[in-house]
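Report on the following structure.
The values are calculated or read from the model by the stated rules, or taken from the named source; none is laboratory data. Just so it is clear, the model here is predicted, and its values are computed rather than measured. For neighbour counting, all protein chains shown are included, and Cβ atoms are generated from backbone atoms with ideal geometry for every residue, glycine included. Note: accessible area is taken over every heavy atom of the protein model, side chains too, but ligands, DNA and RNA are not part of it. Shrake-Rupley method; radii C 1.70, N 1.55, O 1.52, S 1.80 Å.
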Protein chains: 2
Amino acid sequence: MKVAVLGYGTVGVGVYEMLCAAEGLEAGPVLVRPGKADTAFKVTEIQAIVADPTVDAVAEVMGGVEPAFSYAMAAIEAGKHFVTSNKALVAAKGVELNRAARAKGVAFLFSAACGGAIPFLHNLARAAETDTVLSCGGILNGTTNFMLDQMQGTGKDYADALKEAQALGYAEADPTADVTGLDALRKIMLACAAAWGVLPQEGLLNEGIDSLSAADVKDFMSRGLVCRLLASGRRAEDGRISAYVEPVLVGAGDAETAVLKNFNMARYVGQNSGSIAMIGQGAGRYPTASAVLRDLSGIAQGESAMFPAGCTYGAADNSAESHAYYVRLPKSCEDRLPVSEVLAECGDSVTVLTEPMSVSCMHTLAGEIRKNGNSLFFAAIRR
Amino acid sequence: MKVAVLGYGTVGVGVYEMLCAAEGLEAGPVLVRPGKADTAFKVTEIQAIVADPTVDAVAEVMGGVEPAFSYAMAAIEAGKHFVTSNKALVAAKGVELNRAARAKGVAFLFSAACGGAIPFLHNLARAAETDTVLSCGGILNGTTNFMLDQMQGTGKDYADALKEAQALGYAEADPTADVTGLDALRKIMLACAAAWGVLPQEGLLNEGIDSLSAADVKDFMSRGLVCRLLASGRRAEDGRISAYVEPVLVGAGDAETAVLKNFNMARYVGQNSGSIAMIGQGAGRYPTASAVLRDLSGIAQGESAMFPAGCTYGAADNSAESHAYYVRLPKSCEDRLPVSEVLAECGDSVTVLTEPMSVSCMHTLAGEIRKNGNSLFFAAIRR
């Protein structure tokens, strides 16, 4: 099977190298930006790939919704299998791509878009065929896990942890998608669609770690708690799907606390299988490329889809999910929360534990309180 | 796809129930012992299944090498896919079954034989197609993990931990295969064959937890160490394959310490993917049945093998693997070990730390020292 590659950045180079070494797979042309075609295997026009009858599959690792989506549709329409690591693309256009690929009888796979090297979506999709998936989620962003590990392990403050992550190549120059939880949110969107055939695009909530201070870390660690940024998806018995990302304080013995550095932990709970958790590197050239190659090898064995037939867009509803929250906020705003216990006071700010309250209510209140320039950090408390 | 089930014990009932509920799969006849065919779907003769042209696949969950092997070969020769949870069968006859199934063009899959609900062998086999697997292993026996968790968490002694495991149905009346490490050894044999195309049947070493005392637990826990029974497989650069099972003392922050109760943690390290660890229930009716069903669903998608074409039997060589060991033995035997430090003395016994020494040497010495009726416990120290 001959595979063309779209993009020749960090991941693209890894995919190309692995294709050259793999048995049963062959490296085809690589699409690069105009002016960058410095060797014979590089091309600058998508048509050179789409119109090439010797290309059986296209692996897209450029990132971004456009032009990736147009290229994907052109490849699928030309009867080529389509594999991608691009979570923004699949989160935005996954339903159309799934429909087009199924109509054309080609594969549409994207293991690398969620969990990096971890074969999560593949196994989740397969589990959904014969088991009932009750929930899914986990630590899906390696950049923020690295930063949390730094802040909690070495006492670094947020700015220093971010600098360290950037210096090591874990965080991009603009880290917004990572630190606000948007990146993890896109991944849980894909997992929901693989598990339940609904790709939620509305009602989603994401709180990141960009409000976390070194003082917060010191306080909750003194209480035996460790913070992880967790994505969560769940289908209630009435069919409603919740999907959100927020910091969670877990106990020191919980499995998530053993997930260090930039590692990810992706998990699903099946009615029959019970909890299946997978830990591995969530990003990086070769880990991500290895997931792209696994998908390509899967196509050769007949695998063709991660979203079920009839997968549709939908809305998440986070109003029925509830936990107690740990919240640091201005004293003047304390009465807006259902406080069960005041944990600490420091200057104008107070740290409280709330009564169990809905995820949607907590995220909404946080947004309102911050509107006036107030500083606030919150994290769910695991029951 | 219509699936016949061989065996109607703990797992067989789960497989049958899941087949009745699954879309795209249909429950066929179930083979039970003579005199046990109390309902219409049960049959007592394998021929009633093998000769039934409506049966597409056979799921064997009886256990034991015979008659399971004869039944498997008959099913394969009759052109039926063969799925099993039976690690003893695959460890003993996996090469013949792989060859016969490939010759006949049917599937031979056995996810449930290693890791229970964890989709380990499937992913390991797929990783081996496009990546180089460097090592594999982990916590592959839930019974002993439960016992270790009990001994380390509650201070129970070995006999009480075993009784508790038996009372909860985690250990069988004859727990030998579990507590000696033989069960975990069979699983790592399968993993080696999936990763490297060699099913080792000689040179294997297994040390279990049956020599572990409450005093040992108290001692190493006071040193901040936790014991897990780990299976290990590795292919050296010269192509030699090591495969063994032994207790390992890990640090309190290591990921294995978060694997509690009867859970398993199966892991492989790929050259490109890095470490991929998977945690889930290693046994039980529905977890194991869920793995059988995943395999059956995989067949419908074109998956057909976990061992590569040309997979052969071979020998393991554990002479080049080396660690320091923690050993409790009679004082009179201390000089037979390369002792680096005496940790404790108590009556006639002494607890020592060794210099790094080969796995084969440690296991051989332990066997020799025990021949005279001496009591000895050893565990590798993770570097």
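Listed values, structure above:
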item: In segment A:257-268, residue nearest to the other protein chains (Cβ to nearest Cβ) [restricted to those that are open to solvent by 10 Å² or more (accessible area, probe 1.4 Å) and more than 14 Å from the chain's Cα centre (by Cα)]; result: A:ALA258
item: Residues located in segment A:297-312, provided they are in a helix (DSSP H, G or I) and either at the interface with chain B (Cβ under 7 Å from one of its Cβ atoms) or aromatic (Phe, Trp, Tyr) (or both); result: A:SER297, A:GLY298
item: Matching residues, segment A:318-364, being under 30 Å from A:ILE188 (Cβ atoms), free of Cβ contacts under 8 Å to residues at least 24 places away in the same chain and in a loop (DSSP other than H, G, I, E, B); result: A:PRO338
item: Selection within segment B:285-296 - within 16 Å of the chain's Cα centre (by Cα) and within 8 Å of chain A (Cβ to nearest Cβ); result: B:PRO287, B:ALA291
item: Among (1) at the interface with chain B (Cβ under 10 Å from one of its Cβ atoms); (2) surrounded by fewer than 19 Cβ atoms within 10 Å (Cβ to Cβ); (3) over 27 Å from A:ALA103 (Cα atoms), the one test that A:ILE279 misses; result: (2)
item: Qualifying residue in segment B:215-222 (condition: more than 14 Å from every other protein chain (Cβ to nearest Cβ) and free of Cβ contacts under 8 Å to residues at least 24 places away in the same chain); result: yes
item: Residue under evaluation B:GLY253, criteria (1) touching a strand residue (DSSP E or B) at 6+ places or on another chain (Cβ under 6 Å); (2) free of Cβ contacts under 8 Å to residues at least 12 places away in the same chain, criterion not met; result: (1)
item: Test for A:VAL5: is it at pLDDT 95 or above and open to solvent by less than 30 Å² (accessible area, probe 1.4 Å); result: yes
item: Pair list, Cβ under 9 Å, 6 or more apart: segment A:235-249 residue without any contact (Cβ under 8 Å) to a residue 24 or more places away in the chain, other residue small (Gly, Ala, Ser); result: A:ASP238/A:ALA320
item: Subset of segment B:49-83 (residues that are open to solvent by less than 50 Å² (accessible area, probe 1.4 Å) and of a type in the set (Gly, Ala, Ser)); result: B:ALA57, B:ALA59, B:GLY63, B:GLY64, B:ALA68, B:ALA72, B:ALA74, B:ALA75, B:ALA78, B:GLY79
item: Meets criteria (surrounded by fewer than 24 Cβ atoms within 10 Å (Cβ to Cβ) and more than 7 Å from chain A (Cβ to nearest Cβ)) for B:GLN271; result: yes
item: Criterion: at positive phi and within 13 Å of chain B (Cβ to nearest Cβ) - qualifying residue of A:GLY7, A:GLY24, A:GLY14; result: A:GLY24
item: Residue within segment A:297-311 that is at pLDDT 95 or above, surrounded by fewer than 16 Cβ atoms within 10 Å (Cβ to Cβ), over 21 Å from the mean Cα position of the chain (by Cα) and outside the structural domain of A:GLU237 (by TED's automatic domain parsing) present; result: yes
item: Qualifying residue in segment B:30-51 (condition: of a type outside the set (Val, Ile, Thr) and closer than 19 Å to B:THR288 by Cα); result: yes
item: Residue within segment B:14-36 that is at pLDDT 95 or above, touching a Pro at 6+ places or on another chain (Cβ under 8 Å), under 29 Å from B:ASP183 (Cα atoms) and not small (Gly, Ala, Ser) present; result: no
item: Unique residue being more than 14 Å from every other protein chain (Cβ to nearest Cβ) and of a type in the set (Asp, Glu) when the list is B:ASP160, B:ASP131, B:ASP149; result: B:ASP160
item: Criterion (more than 11 Å from chain B (Cβ to nearest Cβ), of a type in the set (Lys, Arg), in contact with a Phe, Trp or Tyr (Cβ under 6 Å, 6 or more places away or on another chain) and open to solvent by 40 Å² or more (accessible area, probe 1.4 Å)) met by exactly one of A:LYS104, A:LYS93, A:LYS87; result: A:LYS93
item: Residue in segment B:320-334 that is at negative phi, within 14 Å of another protein chain (Cβ to nearest Cβ) and open to solvent by 60 Å² or more (accessible area, probe 1.4 Å) present; result: no
